[in-house]
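Data first, discussion second: the structure below is written as structure tokens.
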Amino acid sequence: MEPAYETESKTETQAAAGARRAPWSGRAPGPVDHSASPADRSVPAREKILDATAACIRRRGVERTSISAVATIAGVSRPTVYAYFDTREALVSAALGRLGAQIAERVAVTARGRATTAGEFAVEALVAVRREFRAEPALRPIMGIGPAWDATDALSVEALAIARPIIAPVVDYDPRLERHLDEIVETIVRWLLSLLMYDSSRTASEPVLRDYLRRAVVPVIESMAAAGG
């Protein structure tokens, strides 16, 4: 017999009421509830729940994404969701982290395919990440961008941790950049925020944006490499 979950958690109630929340907690998913059936703990079920969470974030935003809403979209019971994620924060964190990892993989492939230097990789990564974030609204909370945007969220430890694997391959082009990687990650996140928040003639198209970033970004990366030599 499934345990009863007749009321939303305190966290979900606050979220539904529109309480201000950080975009995501960065907390790892909670332990699996081994009282659930083996079928409920299967990988496909977990993936279905994470897909449903991403869909819910797209439709309702992070603040209004609840365990109940995710269970409805996934077509599973609330106890099934709780078998994988013991809190709403863990669920949202896992879904956004998964999306971030998917982005990192795609961006790395795209940027490596066009870049021959560290500076070019940084430019291509920025162009590709901007494209990904514009195409996928569920990703925007990773950067702290939303109705109640707070610039401190965008440069949080969690947000920088998402960005780091996307930018880290820059070191493969020039090992001298290793000592500056944290600074490069933060700098590129700052550039990305500007590109996501504001448009101008320099962002009118990707070719125009790419030329602009080559003038603005490449000299910075080259100067860091020279300083690290």
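Laboratory data are not the source of any read-out in this text; all were calculated from the coordinates shown. What you see is a predicted model, and the numbers here were worked out from it, not measured in a lab. Ideal geometry is used to build each Cβ from the backbone, glycine not excepted, and the neighbour counts take in all protein chains shown.
Placing dummy labels 7 Å off each Cα toward the beta-carbon, the span from ALA168 to ALA204 is 3.9 nm.
Each peptide among 105-111, 128-134 gets the average number of other Cβ atoms lying within 10 Å of its residues, and from highest to lowest they stand as 128-134, 105-111.
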